[in-house]
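Structure first, then comments.
The values are calculated or read from the model by the stated rules, or taken from the named source; none is laboratory data. Given the structure is predicted, the values throughout are model-derived calculations rather than measurements. Cβ placement follows ideal geometry from the backbone for every residue including glycine, while neighbour counts extend to all protein chains displayed. These area figures cover heavy atoms from the full protein model, side chains too; ligands, DNA and RNA do not enter into them. Shrake-Rupley method; radii C 1.70, N 1.55, O 1.52, S 1.80 Å.
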Amino acid sequence: MDVYEAVTSRRAVRGFTDQPVPMEVLERVLSAAAWAPSGSNLQPWHTFVLTGAPLAQLKKRALERVATGDAWDEREYEMYPPALKSPYRERRSAFGRERYGALGIARDDWEARQRSAAENWDCFGAPAALFCYIDRDLGPPQWADVGMYLQTVMLLLRAEGLHSCPQMAWSVYRETVAEVVSPPEGLILYCGMSIGFEDTSVNYVRTGRAPLDETVTFVGGSVRHSHAA
């Protein structure tokens, strides 16, 4: 698989089989991902990988919180601005319509949406997951570095025939994650990531992308072809 195929075939998969992910594959992916760029080579990511009994324990604890209606943990960072402006607001709305539409869930069916969202805490059935932390003393450039690292991980997973789903949603159950992974003091949980082989029986809609000329400006040249992926 070349890099272009890895990029265009990567997507947030929300349905995995229970086929185990070999530990040597995870080690190979994460060893190579360490070469992701970071300012002054700070390498600000702290990653915990869960499989087997520890992951099963985390899923059980998180789903118990869902079942009992336990309140979310206080967010340590803002996932989205409280008032998204255009065009970001429209893109987010379109994503919601496409995702829940593929599942046959009506816009006003709040209970069905909640049940669907709860699948996050089962990692969508994935047999492996990672949780990425960052030191709370670091700033926006280092958060960007963590994003580049995670993208590198996801592309390497595609090269191995695997899929993934990055999940900022885990930040609201960060205390439950901490009970299992015991992170050092001073770290913020940025996101989780479900990892495994795709369950192709799960319905989905591939979300589109904005036309090139909507997000990219060529200075000193012109775009001959512009289309969404």
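Can you pull the one-decimal nm distance between simple spin-label points at R61 and W35, each 7 Å off the Cα toward Cβ?
3.6 nm
Kirkwood Rh over alpha-carbon pairs of the chain, then Stokes-Einstein at 10 °C and 1.306 mPa s: what D in µm² s⁻¹, rounded to an integer?
Numbers: Rh = 19.2 Å.
D = 83 µm²/s.
Per residue, what accessible area does the chain have, given a 1.4 Å probe and all protein chains present, in Å²?
On the way: 13470 Å² over 229 residues.
Accessible area per residue: 59 Å².
Does segment 14-83 come out rounded, prolate or oblate, given a ≥ b ≥ c as the square roots of the eigenvalues of its C-alpha gyration tensor, rounded meaning a/c under 1.5 and, failing that, prolate meaning a/b above b/c? Don't jump to the answer; show the numbers that get you there.
Values: a/c = 2.50, a/b = 1.18, b/c = 2.12.
Note, shape of segment 14-83 comes out oblate.
Could you pull out the GluC sites (Glu not before Pro) across segment 1-107 that fall in loop regions by DSSP (anything but H, G, I, E, B) with no more than 11 other Cβ atoms inside 10 Å?
Values: sites: E5, E24, E27, E64, E74, E76, E78, E90, E98; in loops: E74, E76, E78.
Answer in residue order: E74, E78.
Quick one: compute the contact order of the chain, relative version, from alpha carbon pairs under 8 angstrom and 6+ residues apart, as a percent.
Working: 291 pairs, mean separation 83.6, N = 229.
Relative contact order of the chain: 37 percent.
Could you size up the charge dipole of the chain around its Cα centre, putting +1 on the beta carbon of Lys and Arg and -1 on that of Asp and Glu, and report it in debye to the nearest 20?
Values: 24 positive and 29 negative charges, 146 e Å.
Dipole about the Cα centre, nearest 20: 700 debye.
Just subtract the alpha-carbon distance of D18 and R136 from 0.36 nm times their residue separation and send over the number in nm, one decimal. Could the numbers behind the result be given before it?
Values: separation 118, 0.36 × 118 = 42.48 nm, distance 3.44 nm.
So the extension gain works out to 39.0 nm.
Taking every alpha carbon pair in segment 164-217, what does the distance histogram look like in 10 angstrom bins from 0, in percent?
Per 10 Å bin, starting at 0, the Cα pair percentages come out as 17, 31, 26, 20, 5.
By per-residue mean of other Cβ atoms within 10 Å, what is the highest-first order of 178-184, 193-199, 142-148?
Numbers: 178-184: 13.7, 193-199: 22.6, 142-148: 17.3.
My ranking of the peptides, most packed first, is 193-199, 142-148, 178-184.
Which FRET efficiency value, to the nearest 0.05, do you get for D2 and Y204 by plugging their Cβ-Cβ distance into 1/(1 + (r/R0)^6) with R0 = 30 Å? If you can, show how the numbers build up before the last one.
Details: r = 24 Å, r/R0 = 0.79.
E(calc), rounded to 0.05, equals 0.80.
How long is the gain from E214 to L42 if the chain were fully straight, where each residue apart is worth 0.36 nm and the alpha carbon distance is subtracted?
Numbers: separation 172, 0.36 × 172 = 61.92 nm, distance 3.28 nm.
Gain on extension, E214 to L42, equals 58.6 nm.
For M148 and E119, calculate 0.36 nm times their separation in residues minus their Cα-Cα distance, and state this gained length in nm to one decimal. Kindly include the intermediate steps, with their values, before the conclusion.
Values: separation 29, 0.36 × 29 = 10.44 nm, distance 2.59 nm.
Here the answer is 7.9 nm.
If you count only protein heavy atoms and use a 1.4 Å probe, how large is the accessible surface of T51, to the nearest 10 Å²?
Its accessible surface works out to 40 Å², give or take rounding.
Given a 1.4 Å probe and heavy atoms of the protein chains only, how would you sort Y4, Y190, largest accessible area at the top?
On the way: Y4 175, Y190 55 Å².
Result of the area sort, largest leading: Y4, Y190.
Answer with one residue from G125, W35, Y4: the one whose Cα lies farthest towards the positive end of the charge dipole of the chain, charges on Cβ with Lys, Arg +1 and Asp, Glu -1.
Y4
So if R0 is 22 Å, what FRET efficiency would W72 and M168 give, r being the distance between their Cβ atoms, rounded to the nearest 0.05?
Numbers: r = 12 Å, r/R0 = 0.57.
Computed FRET efficiency for W72 and M168 comes out at 0.95.
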